[in-house]
Amino acid sequence: MPTNNTYGIHIKGIGSYVPELIADNEMFSKIVDTSDEWITQRTGIKTRHITNGEPNYFLGAEAAKKAVADAGIKAEDIDLIIVSTCTPDFYTPSEAALIQREIGAIGSMAIDINCACTGFDYGLDMAKRYLQSEDGVDTVLLVATEELSKFVDYTDRSSCILFGDGAAAFVLERNKDTLWSSYLGADGSGAKFLVSRALKSENVFRTNKEDFDMAMPQTKDHFFAQDGKEVYKFATRALPDAVLHACEKAGMTPDELDCIVPHQANVRIIETAAKNLGVSMDKMVVYIDRYGNTSSASIPIAFCDAVAEGRIKRGDKVCFVGFGGGLTFAAVIFEY
Ligand code: UT7
């Protein structure tokens with residue numbers, strides 16, 4: 001395991017926030033042909049939190065305020081805000097700019113990233129690279145905030161039952177590096193498997209009325225569509241593979257990890273990954289029953305719950321591992 005003294009990430013504060021409104025499986029059985037039994041058995045989900053009019057950036061700002069308070073810093077100390085989201089409120093401004101406004105960190109750099117469900121892992125890796133440089137970045141606020149309910153098709157029973165809304169944030173300071181390894185990647189040949197489309201190109205000068213072949217499925221407006229089986233196959237392969245690669249880079253084996261916090265998409269995917277890795281489910285941090293799939297917020301929300309419940313403690317060796325739209329995959333290993 002690395003014992004270097006170079007500068008990098010130290011996690012100084014954490015916080016999460018989910019909207020108050022809760023939709024349980026019974027509520028879904030009233031709008032589509034489904035049941036608590038099917039959803040529980042096939043996904044592990046019982047409830048999800050869903051916005052009741054509050055925007056995506058609001059969730060992120062609430063989580064950020066908690067992380068800033070937990071870190072014991074002032075918002076003005078933040079040099080860089082990175083926000084992971086695939087469900088922004090605007091094309092512009094960024095969610096990072098709006099969250100900056102809400103928490104009063106005026107003047108910091110602010111940038112959004114979108115790699116769907118792996119965004120928090122990518123964000124940690126990015127933050128490390130900034131914190132390592134001798135460029136005056138000492139404090140990074142990393143936020144994942146997602147309002148998936150706004151692109152869920154609530155007539156599609158195979159996908160609408162999966163998603164929830166929520167946010168989580170870390171304050172990261174430049175200190176002795178505790179991010180031991182990251183293994184990040186993407187496979188764009190699977191871009192068509194998880195889709196929510198943006199505005200179509202309809203400018204006034206356009207003469208070509210034919211749709212450009214983007215090699216993507218036809219979907220209903222901006223609504224989310226997925227090939228559940230393909231994503232399932234990818235996920236059960238990508239999760240253990242990413243953990244093993246990150247472990248190899250850190251010079252350790254999966255059983256040396258205190259816990260693995262996987263993207264919370266389906267408990268069966270997590271069970272298969274655990275089996276393929278040869279680790280027990282006790283090592284896997286799973287709160288999918290409470291929140292469903294909150295995309296890039298799912299890993300840090302689960303982490304915050306596990307810390308609050310005393311399941312993860314300072315000094316623990318933790319692996320965050322995700323997969324998602326893109327298709328993307330990512331694992332990071334750090335000491336909390
Ligand atoms: O962040 C990444 C996001 N996406 C994922 O991670 C998705 C990964 N995929 C999955 O989690 C699973 O493929 C699903 C949960 C989406 C579907 O589970 P499944 O066990 O693969 O079900 P299936 O698609 O094979 O469908 C089995 C049956 C079908 O009925 P028939 O054709 O056998 O009569 C479906 O129509 O289950 C039916 N079904 C449902 N029944 C009750 C599908 N959704 C529902 C539902 N309630 N909500």
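Highest first, please rank the peptides 330-336, 215-221, 203-209, 152-158 by the mean number of other Cβ atoms sitting within 10 Å of their residues.
Values: 330-336: 25.1, 215-221: 10.6, 203-209: 5.3, 152-158: 15.3.
Ranking, from highest mean packing down: 330-336, 152-158, 215-221, 203-209.
Ordering T178, T272 by how much accessible area each has at a 1.4 Å probe, largest first, what is the list?
T272, T178
What are the radius of gyration and Dmax of segment 189-336, computed over its Cα atoms and given in Å?
Considering segment 189-336 through its Cα atoms, Rg and Dmax are 18.6, 62 Å.
Run the simple label-point estimate for S35 and R311 please: 7 Å along Cα→C-beta, distance reported in nm.
Once both label points are built, they end up 2.8 nm from each other.
Filter the chymotrypsin sites (Phe, Trp or Tyr not before Pro) in segment 85-148 down to the DSSP loop ones having no more than 14 other Cβ atoms within 10 Å, then list what survives. Write down the numbers at each step before the final one.
Numbers: sites: F90, Y91, F120, Y122, Y130; in loops: F90, Y91.
Filter output for segment 85-148: F90, Y91.
When ranked by the protection proxy of mean other Cβ atoms within 10 Å per residue, highest first, what sequence do the peptides 22-28, 171-177, 314-320 form?
Working: 22-28: 15.9, 171-177: 20.4, 314-320: 17.9.
Output ranking for 22-28, 171-177, 314-320: 171-177, 314-320, 22-28.
If E37, E147 are ordered by their accessible area, calculated over protein heavy atoms with a 1.4 Å probe, which sequence runs from highest to lowest? Before the final figure, lay out the partial values.
On the way: E37 120, E147 20 Å².
Accessible-area ranking of E37, E147, largest first: E37, E147.
What's the whole-number percent of alpha carbon pairs in the chain lying beyond 32 angstrom? Present the calculation step by step, with values, prior to reporting the outcome.
Values: 14776 of 56280 pairs.
Result: 26 percent of Cα pairs exceed 32 Å.
What residues qualify as long-range amide H neighbours of K12, i.e. H under 5 Å apart, gap of 5 or more or another chain, H built at 1.01 Å from N?
V171, L172, E173
Based on the Cβ-Cβ distance of E26 and T92, what FRET efficiency does E = 1/(1 + (r/R0)^6) give at R0 = 51 Å, to the nearest 0.05? Present the calculation step by step, with values, prior to reporting the outcome.
Details: r = 40 Å, r/R0 = 0.78.
The value I calculate is 0.80.
Please list the helices of the chain that count as membrane-span-like by this rule: a mean Kyte-Doolittle hydropathy of at least -0.5 together with Cα atoms stretching 20 Å or more along the helix axis, each helix being a complete DSSP H run. Numbers along the way, then the final one.
Numbers: long enough: 56-71 (23 Å, 0.10); 228-250 (32 Å, -0.16).
Length and hydropathy pass: 56-71, 228-250.
Return the calculated 222 nm mean residue ellipticity for the chain, to the nearest 500 deg cm²/dmol, obtained by summing -39500 (n - 2.57) across DSSP H runs with n ≥ 4 and dividing by the residue count. Could you put the intermediate results ahead of the total?
Details: 10 runs with 105 residues, N = 336.
That calculation yields -9500 deg cm²/dmol at 222 nm.
Please list the non-local residues whose amide H lies under 5 Å from the amide H of L162, H modeled 1.01 Å from N, same-chain partners needing a gap of 5 or more.
none
Roughly speaking, what is the stretch gain from T47 to Q218, that is 0.36 nm per residue apart minus the C-alpha to C-alpha distance, in nm to one decimal?
Between T47 and Q218, full extension yields an extra 58.6 nm.
Using amide H atoms built in the peptide plane, which far-off residues or other-chain residues are under 5 Å from C115 H to H?
The list, which skips near neighbours in sequence, is T85.
Given the protein chains as shown and a 1.4 Å probe, how many square angstrom of E248 are accessible, to the nearest 10?
140
What percent does the relative contact order of segment 257-336 come to when contacts are Cα pairs within less than 8 Å and at least six residues apart?
Numbers: 118 pairs, mean separation 28.9, N = 80.
Normalised by residue count, the contact order of segment 257-336 is 36 percent.
Among the lysines, which have Cα under 22 Å from the Cα of K74 when same-chain residues fewer than 8 positions away are ignored?
By straight Cα distance, K74 reaches K12, K65, K66, K128, K176.
The values are calculated or read from the model by the stated rules, or taken from the named source; none is laboratory data. Note that the structure is a prediction, hence the values are computed from the model and not measured. Please note: Cβ atoms are built from the backbone with ideal geometry, for glycine as well, and neighbour counts cover all protein chains shown. The area values use the complete protein model at the heavy-atom level, side chains included, leaving out ligands, DNA and RNA. Shrake-Rupley method; radii C 1.70, N 1.55, O 1.52, S 1.80 Å.
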